Amino acid sequence: MNVMLYDLVKESHENQEAMQTLIDLFEPKLKKSLLMTKIGEREDLAQELKYTLIKYIQRYNVDSTPGFWELKKQVQSKKISC
C-alpha cells in the first residue's frame, strides 16, 4: 500500500480503516516512546496516546494547510514586515 500520509489523514475523517492505518503507522514510534516509562504504566499511556492521536487527526483540517508556494509567500511577507 503506497498511500501518502496526507491522503490517509483526509480519508480518515470518513473511513475507520484509514484511521486504523494511521494508528498502525505511528505504532512503532509509540512503542519506542513507551520504553521510557514504567512497565506498569505503559498500557494506560499507550491508550491515552492513541486517543490523543485520534483526536488530533480528527481535528486537523488538511485543506487549510498551505502549499509550498503559499507558505513561501507567508514567510517572505513576515520577513519584510519585521
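The values are calculated or read from the model by the stated rules, or taken from the named source; none is laboratory data. Remember, it's a predicted structure, so these values are computed and weren't measured experimentally. All Cβ positions, glycine included, derive from the backbone under ideal geometry; neighbour counts span all protein chains shown.
If the condition is being under 16 Å from ASN61 (Cβ atoms) and surrounded by 10 or more Cβ atoms within 10 Å (Cβ to Cβ), then the stretch 4-29 contributes LEU5, TYR6, ASP7, LEU8, VAL9, LYS10, GLU11, SER12, HIS13, ALA18, MET19, LEU22.
Selection of the stretch 30-74 for residues being surrounded by 10 or more Cβ atoms within 10 Å (Cβ to Cβ) and either among the basic types (Lys, Arg) or more than 22 Å from MET19 (Cβ to Cβ) (or both) yields LYS31, THR37, GLU41, ARG42, LYS50, LYS55, PRO66, GLU70, LEU71, LYS72, LYS73, GLN74. Filter the stretch 29-62 down to residues that are touching a residue at least 40 places away in the same chain (Cβ under 8 Å) and part of a helix (DSSP H, G or I) and give me whichever is nearest to TYR6 (Cα to Cα). The qualifying residue nearest to TYR6 (Cα to Cα) is VAL62. Answer yes or no: is there a residue in the stretch 52-61 that is hydrophobic (A, V, I, L, M, F, W, C) and modelled with pLDDT under 90. Within the stretch 52-61 (the criterion being hydrophobic (A, V, I, L, M, F, W, C) and modelled with pLDDT under 90), the answer is no, since none of the residues qualifies.
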